[in-house]
Amino acid sequence: MRLDVLKLREFYAGPLGGAARSMVAGKLAQAWGDGSGLDILGLGYATPHLESRRLTARRVIAAMPAAQGVEVWPAGARVLSCLTSEGSLPFRNALFDRVLLIHALEESDDPEAMMREVWRVLAPSGKVIIVAANRRGPWSTSDATPFGHGRPYTIHQLERLVRDAELEPVAWSRALYAPPWRWTARWAEGLEQAGPWFWPMWSGLILLEAVKQTFAVRPKGRAAPARVFAPGALSPQPLSQSRNIEENRVIGVAELANPPATG
């Protein structure tokens, strides 16, 4: 059973959640920048990482699984969050340039079905980043954090999952080397710098980036994906940049699920 959305919100309001948000935010900024002009979907509980991109992206939507519950987001503005079925997202095909999954796969009843839906709503050459608990890390065994619930992953398990969904892994990284103890949150930044050198396998989280390649022929052999995110690396021109970014308006969930008739 999924954690309730209120528990997730309470976690991110505390010191451990603040450390987790900060460490993941740095990796997302390195990979995607500020999301300027992009259409972005957050699946699971992604609102702590979508807020900073809400004013720069062309469209930002937070989709939350029904078993988890949904929060009204953003506060005091037009609602951009919605309750969804994991295996049937209420969006038309090829709509989003970027999809972020966090607190999504670990407690999913059918991760394969979820990833097939991600493929469907992702635009050609669009990218997805999966943030998942590291099976070998201490965060996956701690009930004090949401990452200690559900099914943790290894890098190879995530690679297999995205390839089964016809997505191609292009980069991966690790984050959150501070132990899941409240008093270590104040040293999270320093531990994040030391972790890759001294205990690289014990990160709390794995971040895997994959791309939707709709016309490429998949070779029989492939090189291993890069171990770190590189800004701009392997980044095809997003479809949304050809749109009129000056418009920069936020389109509501209802318009996405039920686009206006034309003709």
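What follows draws every value from the coordinates through simple rules; no lab data is involved. No experiment lies behind these values; they were computed from the predicted model shown. Neighbour counts are summed over all protein chains in view; Cβ atoms, including those assigned to glycine, are modelled from backbone coordinates with ideal geometry.
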Given Cα pairs under 8 Å that are at least 6 residues apart, what percent is the relative contact order of region 1-101? 29
Non-local amide H neighbours of Ala62 (under 5 Å, H modeled in plane, Pro and chain starts lacking H): which ones? Gly42, Ser81, Cys82
Pop out the ³J(HN,Hα) list for region 103-119 in order, Karplus 6.51 cos²θ - 1.76 cosθ + 1.60 with θ = phi - 60°, rounded to Hz; leave Gly and Pro as x. 6, 10, 6, 4, 10, 6, 6, 8, x, 5, 5, 4, 5, 5, 5, 4, 4
How far is it, in nm, from the label point at Asp110 to the one at Asp143 when both lie 7 Å from their Cα along the line to the Cβ? 3.1
Taking neighbour Cβ counts within 10 Å as the exposure measure, how do His49, His149, His156, His103 sort from fewest upward? His156, His149, His49, His103
Fewest to most Cβ atoms within 10 Å: Lys7, Lys127 sort as Lys7, Lys127
Per the 1/(1 + (r/R0)^6) rule, R0 = 35 Å and r from the Cβ atoms of Arg120 and Thr56, FRET efficiency to 0.05 is 0.85
May I ask for the distance between the Cα centers of region 1-66 and region 101-147, given as a whole number of Å? 13
Using a ≥ b ≥ c from the Cα gyration tensor of region 1-148 (square roots of the eigenvalues), is it rounded, prolate or oblate, where a/c under 1.5 gives rounded and otherwise the larger of a/b and b/c decides, a/b for prolate? rounded
The residues Asp143, Asp164, sorted from fewest to most surrounding Cβ atoms within 10 Å, come out as Asp143, Asp164
Starting from the Cα of Ala67, step 7 Å toward the Cβ, then list every residue of region 107-133 with an amide N under 14 Å from that point. 107-115
